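Heads up, the thing below is written out as structure tokens.
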Amino acid sequence: MSFFRQQHQDYFHHYVNDYKIIELMNRISDIYLIHHRLFIYLFIAISLGSCGKKINIPEIDNALLKKNERLRLEGKNTELISLNNELIRQSKGGGYSKGEALGYINLANTYGMMGKYKTSHEYLKLAEKISFRLNDNFLYAKLYHEYGQLNYVTGLANTALSYNAKALHYGKKLNEKGWLLGNMYEQRADFISSTYKDSALIYRHRGFSLDPSAINASLIGNYHLQQTKNLDSAAFYNNKALSLLKKTEYGTVRQGVIYSFYADLLSEKKEYKKALEFYHKSADILVKTKRINKLPELYQQIAFIYQNLNDKKMEESYTSKAEELDQKLKESGNEAIDISLSEIIEQKNKGNINLIFIFIGAFVLIIGIILFLMIRNRQQNKENKNSEKSNTVNYPTKERISKEDFTELLDLAKSNDLKFIKRFEEINPSLFQNILKINPQLTKSELSLCAMIWLGFSSKDIADFTFIQHRSVQTKKGRLRKKLAISSETDLYSFFTSL
């Protein structure tokens with residue numbers, strides 16, 4: 001009995017110990033599960049909280065369009081950049097790609113107005129990637145409109161017109177056209193005003209009919225002053241612009257531009273003192289609103305007024321200011337031109353891939369036919385080769401340019417074609433080589449000017465073909481004389497043709 005009792009007690013103690021171990025493990029498991037559940041609940045709460053932070057798309061759109069436009073006209077560039085960077089951040093976080101793209105376009109416009117054309121181009125490329133993905137008409141219209149303006153201010157007029165045509169194509173598809181489409185018509189009028197004067201006026205009126213604002217009335221007035229020389233029409237629309245000017249537009253870039261056009265009218269009427277008053281008001285506003293790209297021409301106009309008032313000191317001061325600012329903008333523009341030209345070449349190369357394959361196929365076929373003919377009649381092939389040798393064309397040497405090449409260069413220059421410089425260098429490389437020996441720091445636009453002078457174009461011709469003021473051409477020529485150490489007594493045409 002003692003044996004069985006002992007065995008029973010051992011079994012009981014063993015059972016109790018096992019039970020305690022199991023109970024301990026269950027407690028540990030419960031603790032683990034509690035902590036695990038807390039972790040899961042915390043994760044769910046964070047996820048739900050983050051999902052709850054939805055962005056307000058109408059509010060973002062309002063800020064991207066209306067608030068941005070108000071700050072833009074006031075010239076508050078720092079606030080503009082901060083606003084759009086914040087809206088881009090919010091749009092990215094909320095998956096609102098259209099808002100992100102509009103933010104990039106706004107930044108491109110801001111940096112363009114500041115004269116930072118390369119930075120402007122970089123932001124447009126970011127917007128372009130998103131726009132292609134979304135296929136949105138409004139985005140396309142805004143994007144191409146901005147591309148057009150950037151290419152125009154950097155001197156690529158043909159490319160600018162191409163982008164403007166694309167902007168108009170998508171702008172006409174919008175349900176609410178209004179100010180944006182009106183702005184596109186005004187932009188097109190700017191681009192063609194020096195070559196297609198009648199068409200430019202039609203586009204001015206189209207822009208005004210869509211957006212009958214003070215600035216658009218002022219643009220029509222300035223057109224009549226510069227192109228039709230009709231002072232009555234110029235006065236009518238300039239006065240209309242002043243009457244349409246809203247209080248909300250006071251101190252904005254629009255007021256600055258309207259005052260400058262009104263001053264142009266007063267200057268033409270020889271009311272120099274009153275013109276000077278409005279020019280200075282305009283300059284103060286444009287400086288305040290940081291419209292650097294509009295200041296060089298305005299300073300030239302102020303210098304012209306001081307010249308007529310016989311104030312030599314102030315005339316020289318404003319001429320110097322204009323040249324200094326113009327040079328800074330040119331340097332910034334050259335970077336953007338190089339980028340734009342590289343893209344044009346790249347796009348053409350992509351578009352020509354299929355043509356390359358076609359040419360390769362055609363080339364192989366021609367080689368096959370030639371081989372077949374050679375095997376069939378070797379003697380005839382020899383005669384043909386001899387005939388070809390006797391008819392070989394003598395191409396013009398570097399020192400002499402054919403009439404055909406000269407005509408080709410004239411046509412390229414007159415149409416402000418992007419291929420002009422490259423083709424000129426191919427036909428007459430010695431000119432650029434000799435010029436760069438004197439000063440290797442000359443820019444592409446300066447070399448283009450040298451080539452146009454060599455072709456025999458007058459300052460007026462160059463102004464018409466390159467869409468700039470006659471006064472600006474004279475300024476460029478003066479700068480060219482300094483860089484190449486050409487005395488004022490030496491005729492530029494004679495100098496370049498002697499190289």
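The values are calculated or read from the model by the stated rules, or taken from the named source; none is laboratory data. Bear in mind the structure is a predicted one, so any value in this text is a computation, not a measurement. Here the Cβ positions follow ideal geometry from the backbone for every residue, glycine too, while neighbour counts run over all protein chains shown. Remember, those area values only see protein heavy atoms, side chains included, never the ligands or the DNA or RNA. Shrake-Rupley method; radii C 1.70, N 1.55, O 1.52, S 1.80 Å.
Some observations on this one:
- Tensor-based shape of segment 259-329 (alpha-carbon gyration tensor, a/c under 1.5 rounded, otherwise prolate or oblate): oblate
- Sparse-neighbour loop sites [GluC sites (Glu not before Pro); segment 103-207; at most 14 other C-beta within 10 Å; DSSP]: Glu176
- Within the straight-line cut-off of under 16 Å between alpha carbons, the lysines reachable from Lys313 are Lys321, sequence neighbours fewer than 8 places apart in one chain being disregarded.
- Placing R0 at 22 angstrom, the Cβ-Cβ distance between Glu425 and Asn158 gives a FRET efficiency of 0.70 after rounding to 0.05.
- Length added when fully stretched, Thr497-His205, from 0.36 nm per residue minus Cα-Cα: 100.6 nm
- Label-to-label distance, Ala485 versus Ile375, with points set 7 angstrom from Cα along the beta-carbon direction: 6.8 nm.
- Rolling a 1.4 Å probe over the protein heavy atoms leaves Trp454 with an accessible area of roughly 40 Å².
- Magnitude of the charge dipole for segment 62-159, about its Cα centre and with charges confined to Cβ atoms of Lys, Arg (+1) and Asp, Glu (-1), is about 100 debye.
- For a paramagnetic label modelled on Lys414 (point 7 Å from Cα along Cα→Cβ), amide N atoms under 13 Å away are absent within segment 152-177.
- 20 Å Cα-Cα threshold exceeded, pairs from Lys116/Lys288; Lys98/Lys173; Lys142/Lys173; Lys270/Lys312; Lys294/Lys422; Lys444/Lys482: Lys294/Lys422
- Between Ile367 and Glu277, the modelled labels are 8.1 nm apart [label points 7 Å from Cα along Cα→Cβ].
- Rounded to the nearest 10 square angstrom, Ile438 shows an accessible area of 80 square angstrom against a 1.4 Å probe.
- Were the residues from Lys173 through Asn310 laid out at 0.36 nm apart, the gain over their Cα-Cα distance would be 43.9 nm.
- Projecting the Cα atoms of Gln149, Ala127, Leu139 onto the charge dipole of segment 114-159 (Cβ charges, centred on the Cα centre) puts Ala127 farthest toward the positive pole.
- Considering only the Cα atoms of segment 171-237, their convex hull presents on average a projected area of 4.2 nm².
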